[in-house]
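Taking it in order: structure first as structure tokens, then the write-up.
Values quoted throughout were computed directly from the atomic coordinates according to the rules given, and no laboratory measurement underlies them. Since the model is a prediction, treat every value here as computed from it, not as a measurement.
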Amino acid sequence: MAKVSVGQFINQVKAETAKVYWPTRKETVSTAIMVVILSLTLAFFFFAIDAVFSSTVKFLLSFLG
């Protein structure tokens, strides 16, 4: 790979950064809200599944002692 000077490297970084799609504030906020809602939904789901399994195991273990 050919070596480039510091100036060329900086120019290449600027050119690549210009190609990046930067989301708008509205897109960022709506995506963040969706992530929070999905995270809470999954947290409650896994909490419920854990509670069911815990109750089932406690019920089954009650027969042993």
For the chain, longest principal axis from Cα atoms; helix 25-62 axis from its Cα atoms; angle between them, nearest 10 degrees, is 30 degrees
Computed from every Cα-Cα pair in the chain, P(r) in 5 Å bins starting at 0 and rounded to whole percents is 3, 13, 8, 9, 8, 8, 8, 8, 8, 6, 6, 5, 4, 3, 2, 0
What lysines sit close enough to residue 14 to cross-link, taking a C-alpha to C-alpha distance under 19 Å and skipping anything fewer than 8 places away on the same chain?
-> 3
